[in-house]
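Report on one structure; see the data block that follows.
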Amino acid sequence: MILVPSAKRCITPMKLYTYPNGKNAAKSLVAAQLVGVKIELPPFQMGVTNKTPEFLAKKNPHGKVPVLELDDGRCIFESNAIARYVARLGGDSAKLFGTSTWDLGQVEMWIDVSTNEIDAPLNSWVLPIKGVWPKDAAKEKAAQEAVRKGLAVLEKHLMTHTYLVGDTVTLADIVCVCNLFPGFTVPGVFDANFRKGFPNTTRYFTTVVNQPAFKKVLGEAKLC
């Protein structure tokens with residue numbers, strides 16, 4: 001039996017503070033769909049709500065989102081930490097963590113890989129395109145090379161695996177697919193020519209992102 005501590009199911013819905021369509025918030029929202037817990041999305045205005053003294057004092061001193069507020073007012077920030085917490089709220093705490101301690105280690109490993117080796121450089125590629133960060137050709141080229149390197153590891157693993165760990169969706173898939181989402185959907189990133197070099201990753205992404213829990217949170221994923 002997998003050794004994953006269970007969190008007590010909240011009686012009243014938790015609140016997730018985030019901006020619309022945030023892929024980091026989507027991690028915990030997809031997990032909530034799969035384990036059957038409710039999360040409310042209170043009114044939130046990025047750059048306003050998260051800069052108030054109350055938010056900084058009681059929710060996240062860094063002023064960043066997402067932030068999960070529990071029914072007793074306590075808060076958790078950092079998207080992977082929130083996703084891990086939510087994933088443990090279901091009646092079957094092992095559902096999204098595999099069926100053994102080995103599986104748990106693999107789930108945690110792939111969460112870190114997709115976050116550090118793919119998501120981090122992908123942000124440096126995507127955010128300038130979206131106008132969030134200033135453009136810098138040299139930095140964007142370096143980011144693209146780093147993303148390709150990270151995807152190469154994923155591509156090799158997915159040559160013989162449908163999911164990252166085991167035979168069903170785990171939290172590793174939730175985090176990884178949410179991290180990949182901007183790459184596959186923002187025009188000018190993982191376009192058709194780019195995807196030719198990563199057929200296994202493309203198959204994996206489309207397989208997972210089109211499952212009901214993902215579609216309910218992320219919507220229709222139209223490849224760029």
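Criterion applied to Phe190, Phe194, Phe205 was being farther than 23 Å from Ala31 by Cβ, crowded, with 19+ Cβ neighbours inside 10 Å and not aliphatic (A, V, I, L, M), and the one residue passing it is Phe190. Of the residues examined, Leu127 is not one that is of a type in the set (A, V, I, L, M), assigned to a helix (DSSP H, G or I), in the same structural domain as Asp191 (by TED's automatic domain parsing) and in contact with a Gly (Cβ under 9 Å, 6 or more places away or on another chain).
Counting only residues that are at positive phi and surrounded by 12 or more Cβ atoms within 10 Å (Cβ to Cβ), region 20-41 holds 1 of them. Being in contact (Cβ under 8 Å) with a residue 12 or more places away in the chain and under 16 Å from the mean Cα position of the chain (by Cα) is true of Lys216.
Every residue, every condition in (1) under 20 Å from Ala25 (Cβ atoms); (2) acidic (Asp, Glu); (3) assigned to a helix (DSSP H, G or I), yes or no:
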{"residue": "Asp112", "(1), (2), (3)": "yes, yes, yes"}
{"residue": "Ile118", "(1), (2), (3)": "yes, no, yes"}
{"residue": "Ala138", "(1), (2), (3)": "no, no, yes"}
{"residue": "Val147", "(1), (2), (3)": "no, no, yes"}
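Consider region 168-187 and keep the residues that are polar (S, T, N, Q) and surrounded by 17 or more Cβ atoms within 10 Å (Cβ to Cβ). The one that is nearest to Val107 (Cα to Cα) is Thr170.
Under the condition of being in contact with a Ser or Thr (Cβ under 8 Å, 6 or more places away or on another chain), over 21 Å from Val175 (Cα atoms) and crowded, with 17+ Cβ neighbours inside 10 Å, the residues counted in region 42-87 number 2.
Taken together, Val153, Val165 contain a single residue that is crowded, with 17+ Cβ neighbours inside 10 Å and either in contact with a His (Cβ under 6 Å, 6 or more places away or on another chain) or not assigned by TED's automatic domain parsing to the domain that holds Gly22 (or both), which is Val165. Among the candidates Leu122, Leu89, Leu68, Leu56, single out the residue that is aliphatic (A, V, I, L, M), more than 17 Å from Tyr163 (Cα to Cα), at pLDDT below 95 and out of contact with any Asp or Glu (no Cβ under 9 Å at 6 or more places or on another chain). Unique residue meeting the criteria: Leu89.
The values are calculated or read from the model by the stated rules, or taken from the named source; none is laboratory data. Not measured: the values here are computed from a predicted model. Glycine gets a Cβ as well: all are built from the backbone with ideal geometry, and neighbour counts include every protein chain shown.
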